[in-house]
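The values are calculated or read from the model by the stated rules, or taken from the named source; none is laboratory data. Values in this document were obtained by computation on a predicted structure and should not be read as measured data. Note: ideal-geometry Cβ built from the backbone for every residue, glycine included; neighbour counts use all protein chains shown. We work out accessible area using only protein heavy atoms, side chains counted, and drop any ligands, DNA or RNA first. Shrake-Rupley method; radii C 1.70, N 1.55, O 1.52, S 1.80 Å.
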Amino acid sequence: MAVSSTVDRSDVAATTQRMTGGDALAEMLIRNGVDTLFGLPGVQLDGFFNALWARQEKLRVIHTRHEQATAYMADGYARVSGREGVCVVVPGPGLLNAAAALSTAYACNSPVLCVTGQIRSDLIDHGRGLLHEIHDQLGMIRHITKSAERAMTPGEIPGLVSKAFAELRSGRMRPVEIEVPPDTLFAEDEIALVGPSAERVLLNPDASRLEKAAQHLAGAKNPLIYAGGGVLRGKAWDELVQLAELLQAPVVMSANGKGAISDRHYLAMNQVAELELRPKADVALVVGTRFLDNLSQPRPMHPETTILRIDIDAEEIHRDVKPAVEMVGDAKAGLAALIDLLEQMVGERPSRKAEFEELKRHVTERINSVMPQAGFGQAIRHALPDDGVIVGEMTQIAYWSNFAMPIYQPNTYITPGYQGTLGWGFCTSLGVKVGKPDSPVVSINGDGGFGFALNELATMAQHEIPAIVLVFNDSAYGNVKRIQQVDMGGREIASSLRNPDYVKLAESFGVVGRRTETAEGLQTAIEESIKANEPTLIEIPVGQMPNPWTTLGLR
Ligand SMILES: Cc1ncc(C[n+]2csc(CCOP(=O)(O)OP(=O)(O)O)c2C)c(N)n1
Ligand SMILES: [Mg+2]
């Protein structure tokens with residue numbers, strides 16, 4: 001197959017050149033700033049991988065052992081790099097394998113582009129049973145993406161890619177799928193490439209609503225701010241701190257919003273402190289969060305509390321409760337506008353530092369009494385520098401971390417959001433490390449969740465990705481087992497696990513294996529692993545742990 005290598009990236013004007021569909025696809029990704037993608041090849045993608053082969057200098061391809069990892073890695077990459085994450089999978093089973101990851105990216109508003117193969121263009125949806133055929137692939141994937149479109153000719157590919165990036169860079173960020181049949185990837189034509197899609201343009205909330213919200217905030221005695229993942233996705237952390245200081249308003253962060261304001265700040269609050277702050281709040285400013293409680297119920301606010309909301313999604317903003325003021329727009333634009341207005345309206349307020357530091361002190365004491373979770377959690381935190389990234393999972397230490405782990409910088413605590421996707425953590429942490437190679441990355445896994453993806457130890461070794469993978473081994477789907485014991489009258493079923501020797505397992509893949517049983521041992525092992533900077537697995541054998549939510553009155 002002849003591969004065109006005549007396209008120059010510096011030439012971003014629309015020029016017509018003869019090339020294959022695969023070339024056009026690769027060139028359009030490069031023009032949109034993509035230099036790394038996560039993929040797993042197959043016959044329907046040969047025309048594309050052929051084009052990638054010719055562009056290895058410009059576009060790094062990281063291949064995995066299962067499609068779930070391509071999309072999880074793209075998600076992790078996107079969350080820390082501030083760029084789009086791109087994965088490439090074959091149609092049918094390949095895309096279905098990636099679907100749990102795409103649904104997680106959807107839940108977490110992560111800009112992931114999934115490039116998918118198709119069957120031959122003339123037989124799509126004929127039901128003949130071609131390799132990897134599924135009926136209405138676009139319709140299937142549209143349920144868990146922001147948009148999904150197909151190009152049927154090489155000439156349609158530049159427009160397809162441009163539109164995909166325009167979606168990824170506007171409104172609420174969510175994954176986007178594009179697909180191209182194999183004959184289209186191989187077909188040659190005179191193709192007009194186009195320049196990159198525009199960077200995000202901030203959407204300003206309506207001025208009169210901002211004015212109204214500012215008046216509520218200026219008159220509030222006990223303003224409270226709720227910040228979610230939207231503050232991080234919208235890069236609005238500086239404005240958040242400025243507004244919070246101006247109002248002397250504490251900021252409660254959701255698990256997805258952790259890092260929006262440093263936990264070292266006296267105004268940074270977790271979900272346990274929220275229980276004490278909520279009843280006293282006269283005005284609550286809710287920014288970029290679904291605003292649900294720990295049971296995914298509408299947060300039970302005091303009826304007298306005036307609720308003001310900023311959200312990029314006009315549907316989200318009044319899903320459960322109608323706020324007094326709805327401000328649809330970017331968090332950054334909304335917060336900046338409120339600062340401008342409030343600087344005129346409120347003078348210097350007396351600092352509430354002492355009051356809030358006292359609250360934080362006793363809350364921290366309570367959450368640190370949840371053992372052994374707090375001991376291990378603190379060991380991880382102490383071993384990591386402020387820019388180190390912690391990737392949680394559905395496991396005991398991560399449940400504790402979701403509300404209790406101190407986080408000091410934006411985008412350094414990564415969660416699977418409301419999907420609660422077991423198997424997400426290890427793969428995602430590999431993408432995080434690729435996206436932020438100069439910071440240590442620690443992935444917190446249980447033995448159950450890690451088992452979903454342990455084949456990716458091969459990816460970690462082959463692509464030399466020096467993440468640090470913790471496996472807390474209680475020989476159980478521990479959370480399930482505890483529920484069966486405590487709430488189901490001891491009817492234990494399908495929750496015990498017989499596991500491999502994790503140290504030997506890691507070593508057999510060419511990954512460093514360590515084992516430690518104590519919090520002190522874990523801190524030392526992480527510190528040594530950061531110094532060594534090698535792909536590393538640390539097994540921590542543990543026993544059953546207490547329920548952190550009931551212990552703290554969160555559920
Ligand atoms: C994809 C998926 N399948 C099943 C579950 C249900 N689930 C939630 S927690 C859990 C057990 C997790 O076990 P492990 O990873 O070992 O963590 P532990 O609770 O033992 O710390 C299961 C099966 C899930 N969250 N996601
Ligand atoms: Mg377990």
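Descriptive notes on the structure:
- The lone exception for residue 514 - which of (1) under 26 Å from the mean Cα position of the chain (by Cα); (2) closer than 27 Å to residue 64 by Cα it fails: (1)
- Within segment 229-250, being out of contact with any Lys or Arg (no Cβ under 7 Å at 6 or more places or on another chain) and among the small types (Gly, Ala, Ser) holds for 229, 230, 244, 249.
- Checking residue 525 against (1) touching a helix residue (DSSP H, G or I) at 6+ places or on another chain (Cβ under 6 Å); (2) open to solvent by less than 50 Å² (accessible area, probe 1.4 Å); (3) not aromatic (Phe, Trp, Tyr), the condition it does not meet: (1)
- Segment 422-448 - residue that is in a helix (DSSP H, G or I) and in contact with a Leu (Cβ under 8 Å, 6 or more places away or on another chain) and, of those, surrounded by the most Cβ atoms within 10 Å (Cβ to Cβ): 426
- Filter result for residue 523 (within 16 Å of ligand 2 (Cβ to nearest atom) and in a helix (DSSP H, G or I)): no
- For segment 163-180, the set of residues classified as touching a Leu at 6+ places or on another chain (Cβ under 9 Å) and either touching a residue at least 40 places away in the same chain (Cβ under 8 Å) or buried (at least 24 other Cβ atoms within 10 Å of the Cβ) (or both) consists of 164, 165, 168, 171, 174, 175, 176, 177, 178, 179, 180, listed by residue number.
- When every residue of segment 252-273 is checked against the conditions, at least one turns out to be acidic (Asp, Glu), in contact with a Phe, Trp or Tyr (Cβ under 8 Å, 6 or more places away or on another chain) and either in contact (Cβ under 8 Å) with a residue 60 or more places away in the chain or within 16 Å of residue 309 (Cβ to Cβ) (or both).
- Considering segment 380-400, and only residues there that are more than 12 Å from ligand 1 (Cβ to nearest atom) and surrounded by 24 or more Cβ atoms within 10 Å (Cβ to Cβ), the residue that is farthest from residue 527 (Cα to Cα) turns out to be 391.
- Scanning segment 449-482 for residues that are within 13 Å of ligand 1 (Cβ to nearest atom), open to solvent by 10 Å² or more (accessible area, probe 1.4 Å) and either free of Cβ contacts under 8 Å to residues at least 60 places away in the same chain or not in a helix (DSSP H, G or I) (or both) yields 451, 452, 454, 473, 474, 475, 477, 480.
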